[in-house]
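Since every read-out is calculated from the coordinates, none of them should be taken as a lab result. Because the structure is predicted, anything quoted here is derived from the model rather than measured. Cβ: placed from backbone, ideal geometry, glycine included. Neighbour counts: every protein chain shown.
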Amino acid sequence: MRLATVRTPEGTRAVRLEGDKHVALGFPDVGALLAHPDWARVAAQANGESHPVLGADFAPVIPHPSKVVCVGHNYSNHIREMGREMPTFPTLFPKFADSLLGAHDDIVKPPETDALDWEVELAVVIGSPVRRATEEQAVAAIAGFTVMNDISMRDWQFRTVEWTQGKIWDSSTPLGPYLVTTDELDGGERPDVTVRTVVDGAVMQEDRTGTLLFDPVHLVRYVSTVIRLNPGDLIATGTPAGVGHARNPKTYLVGGETVVSEILGVGTCRNRVVTGP
């Protein structure tokens, strides 16, 4: 299944993609749907009002996750381009719900940064509560995957050795458009699919999720050891080589660009960069 949260004049709605239409599922968003203990059956059988896909206004597919855990340094080629050593354990940092954008929303470049950068990432969506997960429990807890562009303010990120302040800017992180359930993807809970970023038609990043150092199941086990994961929580699995900060000369988003972050079989975020307060 492919599930989305769309904006309507009456508020947001969780929907299922059916051909050229979205079918309403009776929940205000996909996060609320996932909180239902039998969400997969409910989503598959719901037959509410339909909305055309063409012109859909996508909200973040999970608008209000209780937590977003991001993983840095998880593709070997990106680790090398950033001049880092291969990690023994996942590098974790948080992001917050207020950072999230819809898949087609504008990215507003904050006036406080001169180093706005792109980072396409496969994001794990949690579908059931889990703590200290075994292998089987971690597999069962993954509802599916979506696309995240972890837009980064590099000048703020590297002010200190801790990255969070460069990663959590308000309304900066496209997420969506769909949650794609694991049965739709080659590899299931460990998908091996192409990820890429294209800026104004030029391919900036391209790799395959099969090369992740720490795969989604491992990450669910690791993160759930530290803190419980709830339905709708997100784990962003890291970005491949090709970020603007690692280029020579460094290349950043200045406004006016169209940034496409896509994961084949999962979806595409397409966002225009605009300047503003």
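So here's what we get for this one:
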read-out: Under 16 Å from the residue 21 label point (7 Å along Cα→beta-carbon), backbone N, region 46-71; value: 46-56
read-out: Gain on full stretching of the segment that runs from residue 89 to residue 270 - 0.36 nm per residue minus C-alpha separation; value: 62.0 nm
read-out: Sorted by Cβ neighbour density within 10 Å, fewest at the top, the residues 86, 204; value: 86, 204
read-out: DSSP bridge orientation in region 62-275 - percent antiparallel, rounded to nearest 5; value: 85 percent
read-out: Between region 15-89 and region 241-270, the alpha-carbon center distance in angstrom; value: 20 Å
read-out: Approximate spin-label separation residue 8-residue 225, in nm, with each point projected 7 Å along Cα-to-Cβ; value: 4.4 nm
read-out: Separation of the residue 218 and residue 131 label points, Cα + 7 Å toward Cβ, nm; value: 2.6 nm
read-out: Longest exposed-site-free window of the chain, the sites being chymotrypsin sites (Phe, Trp or Tyr not before Pro) in a DSSP loop that have at most 16 other C-beta atoms within 10 Å; value: 159-277
read-out: Proximal lysine pairs, the chain, alpha carbons under 23 Å, eight or more residues apart or interchain; value: 7
read-out: Region 126-277: relative contact order in percent, alpha carbon pairs under 8 Å with at least 6 residues between; value: 30 percent
read-out: Rounded Å value of the spacing that divides the Cα centres of region 92-163 and region 203-221; value: 14 Å
read-out: Full-stretch length increase - residue 45, residue 206 - with 0.36 nm per residue and alpha-carbon distance subtracted; value: 54.3 nm
read-out: Extension gain, residue 1 back to residue 161 (0.36 nm per residue minus Cα-Cα distance, nm); value: 53.6 nm
read-out: Relative contact order for the chain, counting Cα pairs under 8 Å that sit 6 or more residues apart, in percent; value: 25 percent
read-out: Evaluated over region 1-59, the Cα radius of gyration and Dmax, each in Å; value: 10.3, 31
